[in-house]
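Engineer: Below you'll find the structure I mean.
Where a number appears in this text, it was derived from the coordinates with a stated rule and is not lab data. Not measured: the values here are computed from a predicted model. When we count neighbours, we look across all protein chains shown, and the Cβ atoms used for this are built from the backbone with ideal geometry, even at glycine.
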Amino acid sequence: MEVNKDIKNKVVDTLNAMDVTEAVQVSPFFKDKTMQRLFVGQEDESLVWSWFSPKLQLATLVCIVVLNVLAFTQLNSNKYDSNINEFAETYGLSSGLGTSLFN
């Protein structure tokens, strides 16, 4: 039972300590100063990507789409298949008569 009395005394002391606390006076510019200190390094990151404007993003997207379309049309052409077959026969990578997964 000593333990329970000791815990009750600690709880009462803790609650009494809450009555003694007072409001803290803070500078009106405390938040602004803190935010400036926290985010001072992040401005440098935005400067790195600032040159990548929406116009440049659109131009990059168009270039990638055009390159993909050209690559796809070249992939489906017969010239591409004949070049691959020549390469495989030159380096002995195809048997010529056997079946292949890619044919």
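Engineer: Between THR34 and GLN57, what is the FRET efficiency for a Förster distance of 30 Å, r being their Cβ-Cβ separation, to the nearest 0.05?
Structural biologist: Details: r = 34 Å, r/R0 = 1.14.
Efficiency, from the Cβ-Cβ distance: 0.30.
Engineer: Less than 15 Å Cβ to Cβ from ASP13, Lys/Arg counted +1 and Asp/Glu -1: what total charge do the surrounding residues give? Each step should come with its number before you reach the end.
Structural biologist: Details: positive: LYS5, LYS8, LYS10; negative: ASP6, ASP19.
For residues surrounding ASP13, the net value is +1.
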